[in-house]
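Participant: Have a look at the structure that comes next, please.
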Amino acid sequence: MTMLKALWAYRGFILGSVRREFESRYQNSLLGAAWTILNPLAMIVVYTVIFSQVMRARLPGVDNTMAYSIYLCAGVLTWGLFAEIVTRAQTVFLENATLLKKLNFPRMSLPVTVVANAVLNFVIVFSLFTVFLIASGNFPGLVFLALLPTLAVMVLFAIGLGVTLGILNVFFRDVGQFFSIFMQFWFWLTPIVYPASILPAPLADYMHWNPMARLIGASQDILVHGRWPQWMGLLPVLLLALLLCALGMRLFRRHSGELVDEL
């Protein structure tokens, strides 16, 4: 509760940091914030045209020319949210070393800023994707609301993992280097650009141990098939997310005083 009160007291600092980062991303750009719309719009158009029209890619068992494009966008966008939070959270203390040494503020506000920026970017991109689903007649209907708890579990998982890695990375710099490589393997070992149904049975069994396979699979089921997620299948991921959050907070409380000395 003390930390939450401190974060609330510094909400102006957090919101200001989010705004500054958003503005600095498009500073000295003629189109400015319009790029937040143009970039994802271009991605959606490319995926749709290339995979549904040119390559005529199909999902097994789905009779819809756009199904694979939607499957791909759903996977790439949700993975992008996860990857942005984890990747930036693991370096956030190192990147803000000067700020930490000069100012006295709740240090946990830095990961909160990372999450807020990632969610803001995701909301902009995913809103465009939602408009595309509606315009193309592929909106899944009421089941679309199931994305909220699914994405909430994923964000919680990303926060716990990112903060844990962020603390460890301050004391052991190899952690960040190793995890950057690991993320590349993790992406391709998760059914994002290929359906899990094409995997050999032995390899498909291992997907149950991949928390992101469960989360992204749930998102793809919602958007492609219009099916409600198997909530019990997401329960282990939620428990893992809570465990990582508890571990991250424990490491932070135990070593927060040593952070500045190690930076």
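Participant: Please give me, ordered by residue number, the chymotrypsin sites (Phe, Trp or Tyr not before Pro) of the range 168-218 that lie in loop per DSSP and have at most 14 other Cβ atoms within 10 Å.
Facilitator: The qualifying sites are Phe172.
Participant: Calculate the FRET efficiency for Val62 and Arg250 from the Cβ-Cβ distance with a Förster distance of 35 Å, rounded to the nearest 0.05.
Facilitator: 0.20
Participant: Next question, about the same structure. Hey, what do the phi angles of the range 72-80 turn into as Karplus ³J(HN,Hα) couplings, whole Hz, using 6.51/-1.76/1.60 and θ = phi - 60°, x for Gly and Pro?
Facilitator: 5, 4, 4, x, 5, 5, 5, 4, x
Participant: If I model a spin label at Phe182 and Asn96 as a point 7 Å from the Cα along the Cα→Cβ vector, what separation in nanometres do I get?
Facilitator: Result: 2.3 nm between the two label points.
Participant: To the nearest 0.05, how large is the calculated FRET efficiency for Leu242 and Ser136 if R₀ is 30 Å and r is the Cβ-Cβ distance?
Facilitator: 0.20
Participant: Another one. Quickly work out the Arg11-to-Glu258 label distance, labels modelled 7 Å from Cα along the C-beta direction, and quote it in nm with one decimal.
Facilitator: A separation of 3.5 nm, rounded to one decimal place.
Participant: Quantify how much of the Cα-Cα distance distribution of the range 131-248 extends past 24 Å, in percent.
Facilitator: 36 percent
Participant: Quote to one decimal, in nm, the extra length available between Ser127 and Arg19 on full extension: 0.36 nm per residue of separation minus the C-alpha distance between them.
Facilitator: Length gained, Ser127 through Arg19: 36.9 nm.
Participant: Separate question: Whole-Hz ³J(HN,Hα) for each residue in the range 239-248, computed from phi via Karplus 6.51 cos²θ - 1.76 cosθ + 1.60 with θ = phi - 60°, x for glycine and proline: what do you get?
Facilitator: 5, 5, 4, 5, 5, 5, 5, 5, 5, x
Coordinate-derived values only; no laboratory data. Since this is a predicted model, take the numbers as computed values, not measurements. Reconstructed Cβ throughout: ideal geometry from the backbone, glycine too, with neighbour counts over all protein chains shown.
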